[in-house]
Amino acid sequence: MNRFGYLFLVAGILVGWNCVGPEEPTDGLLEDLPSVVNTADVFTFNLRGNKYSFEEQYTLSMQPDSNSVLTTSLIVQNWSGNDTSRIFMMNSSDTTYAWFQITGNLAYTSTDSLSTDTRYHPSKLLFEGSNFSGTMQFSLIKE
């Protein structure tokens with residue numbers, strides 16, 4: 001290898017060494033990419049959106065029963081825009097029995113004992129939004 005070849009090799013290594021990747025998100029969320037955990041005891045849906053439109057449906061891995069206590073939490077921060085986002089809780093018959101409409105910042109928490117009537121046991125969740133901007137943290141915890 002001649003002198004110019006070594007020079008180009010060293011220059012290439014130095015340039016590659018000094019390149020940096022994108023900034024790490026401080027909240028652990030990538031923009032416009034939901035983060036979902038779906039286990040036997042917990043379901044979480046976290047999103048940091050920037051005019052993000054979505055429709056996501058999930059079948060819960062948890063099997064709540066009448067002995068279960070279910071904690072529901074929804075936190076929306078830094079909401080901006082004129083969008084409306086919704087979360088639908090559906091039972092095993094695909095009937096919506098509860099829903100949330102998001103039109104601004106909010107913090108909601110509820111702890112409920114489930115009845116013996118399975119019409120009020122969550123089986124699926126549907127998340128939909130149009131031009132959502134902000135952060136959304138939704139969780140269901142079975143105790």
message: Among (1) closer than 21 Å to N131 by Cα; (2) assigned to a strand (DSSP E or B); (3) not polar (S, T, N, Q), there is one condition F43 misses while meeting the rest; what is its number?
response: (1)
task: From (1) surrounded by fewer than 11 Cβ atoms within 10 Å (Cβ to Cβ); (2) without any contact (Cβ under 8 Å) to a residue 40 or more places away in the chain, pick out the condition that doesn't hold for S115.
output: (2)
Qualifying position, being within 19 Å of E31 (Cα to Cα) and either among the polar types (S, T, N, Q) or in contact with a Gly (Cβ under 6 Å, 6 or more places away or on another chain) (or both), among T84, T96: T84
- request: Sort out which residues of segment 92-108 are part of a loop (DSSP other than H, G, I, E, B), in contact with a Lys or Arg (Cβ under 8 Å, 6 or more places away or on another chain) and among the β-branched types (V, I, T), and write them in order of number.
  value: T95
task: Kindly establish whether T96 is at pLDDT 95 or above and more than 19 Å from the chain's Cα centre (by Cα).
output: yes
- line: The condition from (1) loosely packed, with under 12 Cβ neighbours inside 10 Å; (2) modelled with pLDDT under 95; (3) within 17 Å of the chain's Cα centre (by Cα) that S53 misses is numbered (1)
query: Do you know which of the residues in segment 74-112 that are of a type in the set (D, E) and closer than 18 Å to M62 by Cα is surrounded by the fewest Cβ atoms within 10 Å (Cβ to Cβ)?
result: D94
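The rows are residues; the columns are (1) of a type in the set (S, T, Y); (2) in contact with an Asp or Glu (Cβ under 6 Å, 6 or more places away or on another chain); (3) modelled with pLDDT under 95; (4) more than 19 Å from L29 (Cβ to Cβ).
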| site | (1), (2), (3), (4) |
| --- | --- |
| Q63 | no, no, yes, yes |
| F88 | no, no, no, yes |
| F127 | no, yes, no, no |
| S130 | yes, yes, yes, yes |
message: I want to confirm something. Restricting to segment 50-82 and keeping residues that are assigned to a strand (DSSP E or B) and small (G, A, S), which single residue is nearest to H121 (Cα to Cα)?
response: S73
- prompt: Residues of segment 119-142 being within 20 Å of T39 (Cα to Cα) and not in a strand (DSSP E or B), which ones?
  reply: Y120, H121, P122, S123
message: Whether any residue in segment 104-123 is modelled with pLDDT of 95 or more, of a type in the set (G, A, S) and farther than 15 Å from L140 by Cβ is what I want to check.
response: yes
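The values are calculated or read from the model by the stated rules, or taken from the named source; none is laboratory data. Every value quoted in this text rests on a predicted model; they were computed, and no experiment measured them. Cβ sites come from the backbone with ideal geometry, for glycine too, and all protein chains shown count toward neighbours.
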